[in-house]
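The numbers here are math on the coordinates, done by the rules we state, and not lab data. Please read these numbers as outputs of a predicted model, since none were measured by experiment. Note that we place each Cβ from the backbone using ideal geometry, even for glycine, and neighbour counts take in every protein chain shown.
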């Protein structure tokens, strides 16, 4: 799927469904927050949430005193939903409307968070583009936290085929530039009660 197709798909999803009507909705991004805290990310560290959309991770990071937060998503509707929810606090976050596969970073980040963007990139060219941006965006020594459907997770999501990963296959994809730190499995329960298995993996940029 090219950028216009991806943008139209996700704009439609976020324009036509409430925040808690999508399968990936989380009241609290508990695992992500725990892993960021476990890694002792400084409150002033530059953190980017790739595909953050309407996620509540930015809210929780602000609550915890983090002051340099960027949220990137290709859906304007998703970003506007998050801004509306945050109200005046939205001004404390940088919002970027872009497709990660064609985005050029203008800053470097101490922490990269991606919950469920990479697994939607099934074309080899798109995965290569994602990896190229990741290398550009994360400073040496920076944290990379990527969550995807695990190997026994769903084969499709939001009507789209996904690329599932284990911690080992994700590490192989990222290559020698990223040192694996640890990983954990999580069973996410959708708003309608279905179980989805995710893997969360942490890496350090060499």
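Below are the figures for this structure:
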{"quantity": "Share of pairwise Cα separations in the range 135-206, more than 16 Å, in percent", "calculated": "51"}
{"quantity": "Most mobile of 65, 51, 159 in a GNM of the chain (Cα contacts under 10 Å)", "calculated": "159"}
{"quantity": "Burial order of peptide ranges 121-128, 84-91 (average beta-carbon count within 10 Å, highest first)", "calculated": "121-128, 84-91"}
{"quantity": "Hull volume in cubic angstrom per residue (convex hull over the Cα atoms of the range 71-169)", "calculated": "119"}
{"quantity": "Mean Cβ count within 10 Å, highest first, over the residues of peptides 93-101, 22-30", "calculated": "93-101, 22-30"}
{"quantity": "Alpha-carbon Rg/Rh ratio, for the range 1-66, with Rh computed the Kirkwood way", "calculated": "1.05"}
{"quantity": "Using distinct alpha-carbon pairs, which all enter the 1/r mean, Kirkwood radius of the range 1-134 in Å", "calculated": "15.2"}
